[in-house]
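Notes to accompany the following structure.
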Amino acid sequence: MSTEATLRRLADRAELEDLVARHSVWVDEGRWDETDRIFTGDVVITSPRGGELRGIDAVVEHVRRSQGTFARTLHNKANLVIDLDGDTADVRAHDIGVFAIDDTTAQVAAGIARYRAVRTPAGWRFAGLALEAVALTAAIDRAL
């Protein structure tokens, strides 16, 4: 592989890692005005709680509604596996979410996020996301 191709591959991986991190911040901080920096307009997302969502408007509406039931959320994605194929990529990440219900209770969820990314003129964006639930706690007492 040429030096130029290696650098392009590393830059793509870095941009995709950043996109995954921005997705978590987007959810946790309600940065809805940044949606088009993360997703394509025709994004398709499937999840156990939301079913299948098509398009940015449906995604934002669902996430705003579901996140609004919590005082605060904190998502952490790790163990990224990125498979690049030209202008598309598959990204797999472990996702742990903490959902502060109120000042005294919280829930913890664990799952696997499988992103489908595409290179656009504006950079990498997610065109698809499938969320697979692994575990969810019942409400637990908060120490903090």
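The values are calculated or read from the model by the stated rules, or taken from the named source; none is laboratory data. The structure displayed is predicted, hence computed values, not measured ones. Virtual Cβ from ideal backbone geometry, glycine too; neighbours counted across all protein chains shown. Remember, those area values only see protein heavy atoms, side chains included, never the ligands or the DNA or RNA. Shrake-Rupley method; radii C 1.70, N 1.55, O 1.52, S 1.80 Å.
Would you please list the contacts, defined by Cβ atoms under 8 Å and residues six or more apart or on different chains, that run from a residue in region 58-79 that is in contact (Cβ under 8 Å) with a residue 60 or more places away in the chain to a residue that is open to solvent by less than 30 Å² (accessible area, probe 1.4 Å) and of a type outside the set (Phe, Trp, Tyr)?
So the pair list comes out empty.
Look at GLY30 and say whether it is over 19 Å from ASP90 (Cα atoms) and free of Cβ contacts under 8 Å to residues at least 60 places away in the same chain.
Here the answer is yes, as GLY30 does meet what is asked.
Each row is one residue, and each column tells you yes or no for (1) at pLDDT below 95; (2) within 12 Å of the chain's Cα centre (by Cα); (3) within 16 Å of ASP42 (Cα to Cα); (4) not basic (Lys, Arg).
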site	(1), (2), (3), (4)
GLY55	no, no, yes, yes
PHE99	no, no, no, yes
THR104	no, no, no, yes
ARG142	yes, no, no, no
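Just name the residue that is most open to solvent (accessible area, probe 1.4 Å) out of those in region 126-140 that are more than 11 Å from the chain's Cα centre (by Cα) and within 24 Å of ARG37 (Cα to Cα).
GLU132
With the requirement that a residue be open to solvent by 30 Å² or more (accessible area, probe 1.4 Å) and of a type outside the set (Gly, Ala, Ser), what does region 106-124 give you?
Passing the criteria: GLN107, VAL108, ARG114, ARG116, VAL118, ARG119, THR120, PRO121.
Considering only region 81-103, I want to know if a residue exists there that is in contact with a Gly (Cβ under 6 Å, 6 or more places away or on another chain) and closer than 30 Å to ALA5 by Cα.
Looking through region 81-103, none of the residues is in contact with a Gly (Cβ under 6 Å, 6 or more places away or on another chain) and closer than 30 Å to ALA5 by Cα.
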